[in-house]
1. Just give me the residues in region 124-138 being hydrophobic (A, V, I, L, M, F, W, C) and either touching a helix residue (DSSP H, G or I) at 6+ places or on another chain (Cβ under 8 Å) or surrounded by 22 or more Cβ atoms within 10 Å (Cβ to Cβ) (or both), in sequence order.
2. Given the residues Tyr97, Tyr63, which is the only one that is touching a Phe, Trp or Tyr at 6+ places or on another chain (Cβ under 7 Å) and either surrounded by 17 or more Cβ atoms within 10 Å (Cβ to Cβ) or not assigned by TED's automatic domain parsing to the domain that holds Gly129 (or both)?
3. Glu107 fails exactly one of the following numbered conditions: (1) within 23 Å of Ala51 (Cα to Cα); (2) buried (at least 17 other Cβ atoms within 10 Å of the Cβ). What is the number of that condition?
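The values are calculated or read from the model by the stated rules, or taken from the named source; none is laboratory data. These numbers come from a predicted model, not from an experiment. In this analysis, Cβ positions are derived from the backbone assuming ideal geometry, glycine residues included, and neighbour counts consider all displayed protein chains.
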Amino acid sequence: MSAAGIVLLTLVGVAVLGIGSCVLCVGVGAVATQNSSNATSKPAPGKYDPATPVEIKVLLSEYKGNELRADGTFKGKVIRTSGVVRDVKKDITGDPYVVLGTGGMLEIPSVQCFLADDQASAASSLSAGERVTIEGRVDGLMMNVLVKDCVIDR
């Protein structure tokens, strides 16, 4: 076999292996994405889990006093709480959230409510200083007490 034939055969082999690897990577990525979205998607609170009523000042003082104990009490649980709107904003990915507090000045931490997908229009009608009730799943403390999948109840 000539040198040109060997080079051609080598190139065809590399191309077949490369295409096969790409197909394999795309297939594995699609399955991983499907499994990841199945594992992380949770129903919006209120539809399946009963919400536990919690005073916002109790929630905030528990997290301020002892994060580990507060996580044991609240993390992963669906709560219902009322507070005063401090901010209505979007995070860096464009997802809307509402920050609630007791109405005090310079309140740290506050409750940061990441909204369920169907709640953006309800949030757009909120104003700072307004009192509102939310239901959502507590996700722990990261500067603020994070509450995910929030539903606004006026």
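1. Passing the criteria: Ile134, Val138.
2. None of the other options fit; the residue is Tyr97.
3. Unmet for Glu107, out of (1) within 23 Å of Ala51 (Cα to Cα); (2) buried (at least 17 other Cβ atoms within 10 Å of the Cβ): (1).
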